[in-house]
Ligand SMILES: [Ca+2]
Ligand SMILES: [Ca+2]
Ligand SMILES: [Ca+2]
Ligand SMILES: [Ca+2]
């Protein structure tokens, strides 16, 4: 039995020297014809390695990580490595993983493939490169201080204000944990959606429902709804435009607000009910009214008890929290912070405020037909800045969708509490703890999605 193992091992190794075009040092030993018949050297790269050649999974060239089967002695492991003409950089203790340097004349892809053919190797894989944070390739990402604030200038015209480093929702580090599942749906009660926008055209579940015009096409004739939906879930890492919070989650629009930005409670109630019954896991309400309404509260309660996380804007007129945001038992009321993590002066206050998210100069999509924005010499059409707790709420809706993606079995209440308790109390100098301005604080994706963080200790 031992002889079989060793000969088989050496044979599968000898093959490498042939296919890789190494100096022809023939290794003797193999007697097993079933191995001999396999011809790996032809079209290997073309046919077999595409899975590895993925630019989203970079790895160190010239290195591989290998784990041998425990039954193989150290002596035979060393023999194998010699045959593969690979040198051990280190053996990682306890896990017994060999970190290897491979010969120059072969590729990581080829070596990994060949080593994985060897029955005495449990696995071989590239030495992949990890990142501290996920930075999407969307070119306007550097203008989205709310996602990643580096202290950049917020805007591209003279006199634009300056941001403050880390006054953001810590999106990049949160995305390390979760970028969203396409099975998770965010519903929007708003003015509709531009279904033709390049950042949204692949993101909607259906054309939704229009309760203003009473049809099955929630096309946006105002612009607000498109902007709001894009903050939560614009197509991300697609090389154009902006990044959304929930990269891969889906959008379902319910139009309850007309082309002038006005909607009746009846239409809003119908829209909430329809979204809850149509598979939405999250409902974003970047809308509000001054009137308390038992019917509106019932609609929000219906969504909540149906298992939907409801997120609503607190309002923008320096007064008390609007409805439906004020329905404390059933939804998260969202206040606005700015690019310095300060409470926006116009953002409504009250004990119902749960959390805050940036709401000043928030870049988002606008419908293609929307009048082009004047941005100095920088063309960002069809994108524009938005202001208000309307813009804050979809950051929270996006976070709720990421939590739902990561842990689909959590209750609505649990998701709401994770969002609350993971927030940063960014005004603790003035108002320590929960307060009427920003509630628990400005949301933090990293803490919400990675509740237990293991920090590597120094020596
Ligand atoms: Ca319509
Ligand atoms: Ca994009
Ligand atoms: Ca509340
Ligand atoms: Ca506080």
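Quick notes
- Shape of region 133-449, Cα gyration tensor, a/c cut at 1.5: rounded
- Placing pseudo-labels 7 Å out from each Cα toward the beta carbon at residue 290 and residue 183 gives an inter-label distance of 4.6 nm.
- Mean Cα-pair separation over length for region 232-276, i.e. relative contact order, pairs under 8 Å, 6 or more apart, %: 27
- Global form of region 267-378, assessed from the alpha-carbon gyration tensor, a/c cut-off 1.5: oblate
- Length-normalised contact order for region 259-392 - Cα pairs under 8 Å, 6+ apart - percent: 20
- Peptides 264-277, 223-236 ranked from most to least packed give 223-236, 264-277, packing being the mean of other C-beta atoms within 10 angstrom over each peptide's residues.
- For region 138-179, the square roots a ≥ b ≥ c of the C-alpha gyration tensor eigenvalues yield an a/c of 1.5 or more together with a/b not exceeding b/c, which makes the shape oblate.
- In this structure, residue 96 and residue 278 have a Cβ-Cβ separation that, at R0 = 41 Å, corresponds to a calculated FRET efficiency of about 0.20.
- Packing-based ranking, highest mean first, of 331-344, 314-327 given that Cβ atoms within 10 Å are counted: 331-344, 314-327
- Virtual paramagnetic centre 7 Å along Cα→Cβ of residue 165, amide N under 19 Å, in region 136-151: 142-151
Bear in mind that the values in this text are calculations on the coordinates, not laboratory data. All values derive from a computational prediction rather than experimental measurement. Cβ atoms come from the backbone with ideal geometry, glycine included; neighbour counts cover every protein chain shown.
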